[in-house]
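Reviewing the structure listed below.
Since every read-out is calculated from the coordinates, none of them should be taken as a lab result. Keep in mind it's a predicted model, so treat the numbers as computed, not measured. So basically every Cβ, Gly included, is an ideal-geometry build from the backbone, and we count neighbours across all protein chains shown.
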Amino acid sequence: MLSHTIPLAGGTGRDLTLSAEEALELASKGFRFSVCRPGAELGRLSLPIETVIDFEAGTLTIRQDEAKH
C-alpha cells in the first residue's frame, strides 16, 4: 500500500486539495490520478483512497493500493 503524509494546515481533511508539489511527490511514489493537469494545478487521486487524520500531530495521511499489473 502506498502512503504519504502531509500537514493538515488547519483544515478538516475533508477537502483534499493538493498543491502542485504534493501532486508531483505523490505521482513519483506511484499514486494514481483520475485527473491530473499540472499547468492548471488540478489533481484528483483515483479512488479508492484512505485518509487518516491525526489532529494532535496536525497531519493527513493518504493511502492507496498499489497498481496491479
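Observations on the structure shown:
- The THR51 and ALA27 beta-carbon pair, evaluated with R₀ = 22 Å, returns a calculated FRET efficiency of approximately 0.80.
- The length gained by stretching the chain between SER19 and LYS68 to full extension, at 0.36 nm per residue less their Cα-Cα distance, is 15.0 nm.
- For the peptides 51-61, 16-26, the ranking by mean Cβ contacts within 10 Å, running from highest to lowest, is 16-26, 51-61.
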